[in-house]
Every structure is written in C-alpha cells, then in structure tokens.
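Here's the structure we're looking at; comments come further down.
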Amino acid sequence: MTEHGTRTKLVHGGTKRSQWNEVSEAIFLTQGFVYDTAEQAEARFLETGPDEYIYARYGNPTVAMFEERMALLEGAEDGFACASGMAAVNGALTSLLKAGDHVVSAKALFGSCLYILEEVLTRYGVDVTFVDGANLDEWRAAMRPTTKAVFFESMSNPTLEVIDVAGVSEIAHSVGAKVVVDNVFSTPVYSNAIRQGADVVVYSTTKHVDGQGRCLGGVILGSKEHIRGVVEPYMKHTGGSLSPFNAWVMLKGLETIALRVRAQTEGAFAIAEATDGHEKLERLIYPGLKNHPQHDLVMRQLGAGGTMLSLVLKGGKDAAFRFLNALEIAIISNNLGDAKSIVTHPATTTHQRLSDEQRADLGISDGLVRFSVGIEDPKDLVADVMQALDKV
Ligand SMILES: *Cc1c(COP(=O)(O)O)cnc(C)c1O
C-alpha cells in the first residue's frame, strides 16, 4: 500500500476482512475477546505473547484498521487512536515527559492545548517556554539542554499563521528534543509533518477526518518504536482509547477526505478571491492567496491554501455579529473541517477564556470571524458571504 497514491490508500488502506469477506469494513463493537483455553489467555497477557486482541482499551480490529489507514495517509510507521483530539495531544505530550523536563511551545494554541501546556504539565514539574511560532530565532533562543520536546500547531487557529515544520524540527533535533505537531488545520491531505521532520503528529479526527460532524476522535502518529514503546503503554493504561464505533465512522470518513478537502479548498479560495480588499473588511486572511505573509512557506509545506479562512470586519464585534447573523448557508457553530460551512466568532467563544492582552497579542480581534468552508457549491457560498457583508 505504501507506494500507492493517497486516494487509493484512503479507500483500501488497513482493510482486513473477516471470514465473511464483507465489502464495507466491519464494526467489531466488542470490549473483549474470547480465549479458547486458560493457557491461551495466559499466553496473550505475556509481554512476549502473540500480538492478538485482549481488551478494547488496548486494541480492537476496527480501531486497528483506522490506525493503519491514518498512518498510511500521514506517511508514519504506526499510530494509536484516541478518544478525542485532546486525548491525543495530552497522550502525545504526557507519555513523553517527566518532571524536570523542558518544553518549548508556540503560543498561538487551541484553548485546550494551551491548558495542557500551561496548567497540566507545569503542575507535574515540566517547565514550559512559549515563543512566537513563526519566528525561528525565538525557537533557537528558547532551547536548553533539558528541552525534551517542542509543540506547535502547524497552522494556527484562527489567524492561520503557518509554522515551518522543517525549520523548527532542525532546531529541536540539534538539542535532541522530539517534535510534536498538532496538524489539524493543515489537514493530513496537504501536509505530512512526519516527512517534513516531525517525530510525532497528532490530529483531532473530529475535524476533517470525520468531516460530517458525528464523532469525537483523535490519533497519535509516529515511528513504530515510539508509538508501541512510549505512547501505547501510556494510552492503554490511562483510558483515552477510541471506541470501535467512532473508529468505524472515521474509517468511512477517510475514504472521502481527499475529495472533501479539495472541494472545501476550492470554496475557500473562491470566497477569499471574492472578498479580498472588500470595503467592509479590515483584512482577509487566507494562506492560499499570494498576499498571505507566508505564502511561499504555505506552498512549500502544504501546496494549497487549505479549508479555513478568517475575515476581519471593520467595526468590531457588532459588525462581526451582524455578518454571522446574516449568513444563510454557513451555520454558526465551533467545529471545523465539516462538509457544512461553519462560522465562529473566536473572541466571544473559542478564545473567550483568554485575557484581552493575550487575544491582542495573538491577533484575535473583536472583528475576526473564522470561516471553515464546507463542500457546498462555491458560487452559492460566495453569494452568501457577499449578501451578508452587504448587510453589515
Ligand atoms: C479541535 C482541535 C483539537 C481538539 O480536538 P477534540 O477532538 O475536540 O478533542 C486540538 N487541536 C486543534 C488544532 C483543534 O482544532
């Protein structure tokens, strides 16, 4: 499978059929597995025992198919599926770190990721330094002999700044630190952070992988040695494993993710082109436009602008709310990567917990609207955005 193209891997990768030879992947909705004899049970529990299933928190055939398909897509050797994106971020970091270790992290983070770095890791004696992720000099200056890991979102939420995976990896590796990347906004379709130098990549599969707003899920990807030696022992004993049902939904999501993400990108590009320079906007942020400050890096790292854009309205919160309320196709919610277009006002929802200074520092102004573009017809989305802007 590894030599096939992405779309082929997404449809067939990881599939294992039962004795019934079903077409669609089976859901093994079972918590446990029967042993023929007491001796067989004893043998399976041995560290050196056969690699067969024991308990769904440790592994399950449907979950294993999902892990293998995700690993093929990312170009990673192995993966461990988690109950949510946050179980994956927490598992990836906590399994790797101990008291006395130092972590360097980009400061522009999803709220719950920030909580893990600021509140959880520090409580257990891990030292954390935050840097401006787009500035390689800051990464370089923050490294210490005790730096065990670096962490960042390869494309930040909601200002869509791109972090140079290869550049940060080179700096981190020079002091022997592992590179852990949250790659959600870049999507596994466009960006393979592992190939660019990252050691561990995490996804919230709640986003583009499910892509239809049904289930929570996550995955940690990396080398076989790291996933089976470091991540799996931590995850299987601490309870953040993915349910077989959710794994099945995610497997079906993977079959169409490349088609959906490309259709979403087409819509995002159309909206960006139509609204760039609009009189009601202070700024339009879309990584796929030539005026994005990191357009060269975007093209090198992702090869496309992605499915997300941010519109900064003149007139602050009032204007942003009027725009949101006037949209007829895009719905107001806080998921992203969905087949449905979804708009969010970060300052009053996802980033409400931050102080005014933190929001200002991250460029999250009251006029900013985050737009996760769905698979609807681009011309309808553009017309919807234009009529909503007219009403502001
Ligand atoms: C959504 C998201 C998460 C968390 O994922 P859940 O599945 O909601 O737990 C982590 N990082 C980023 C960048 C996200 O967008």
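The values are calculated or read from the model by the stated rules, or taken from the named source; none is laboratory data. None of the values given here were measured: they were computed from a predicted structure. Positions of Cβ are backbone-derived with ideal geometry, glycine not excepted, and every protein chain shown enters the neighbour counts. For the accessible areas, the whole protein counts, side chains as well, though only heavy atoms, and no ligand, DNA or RNA atoms are used. Shrake-Rupley method; radii C 1.70, N 1.55, O 1.52, S 1.80 Å.
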Flagged pairs (Cβ under 8 angstrom, 6 or more apart or on separate chains; first in the range 326-347, farther than 22 Å from residue 387 by Cα; second open to solvent by 10 Å² or more (accessible area, probe 1.4 Å) and acidic (Asp, Glu)) are 347/366
Residues to consider are 56, 38, 43; find the one that is assigned by TED's automatic domain parsing to the domain that holds residue 217, at negative phi and exposed (fewer than 10 other Cβ atoms within 10 Å of the Cβ). 38
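The rows are residues; the columns are (1) more than 30 Å from residue 357 (Cβ to Cβ); (2) aliphatic (A, V, I, L, M); (3) within 16 Å of the ligand (Cβ to nearest atom).
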{"residue": "44", "(1), (2), (3)": "yes, no, no"}
{"residue": "47", "(1), (2), (3)": "yes, no, no"}
{"residue": "52", "(1), (2), (3)": "yes, no, no"}
{"residue": "65", "(1), (2), (3)": "yes, yes, no"}
{"residue": "88", "(1), (2), (3)": "no, yes, yes"}
{"residue": "102", "(1), (2), (3)": "no, no, no"}
Within the range 283-322, the residues that are among the polar types (S, T, N, Q) and open to solvent by 10 Å² or more (accessible area, probe 1.4 Å) are 291, 294, 301
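Could you say which residue among 183, 157 is buried (at least 22 other Cβ atoms within 10 Å of the Cβ), at pLDDT below 95, under 14 Å from the mean Cα position of the chain (by Cα) and under 30 Å from residue 352 (Cβ atoms)?
Working: 183 fails: at pLDDT below 95.
The unique qualifying residue is 157.
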Under 7 Å between Cβ atoms, at least 6 apart or on separate chains: pull out the pairs that start in the range 233-245 with a residue that is among the aromatic types (Phe, Trp, Tyr) and end on any residue that is open to solvent by 50 Å² or more (accessible area, probe 1.4 Å). 245/27; 245/29
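Need a quick list: helices (runs of 4 or more DSSP H) entirely within the range 1-120 having at least 2 residues that are basic (Lys, Arg).
On the way: elements: 6-12, 38-45, 61-74, 85-94, 111-115.
Ranges flagged: 6-12.
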Need a quick list: helices (runs of 4 or more DSSP H) entirely within the range 136-252 having at least 1 residues that are within 16 Å of the ligand (Cβ to nearest atom). 165-174, 187-190, 232-238
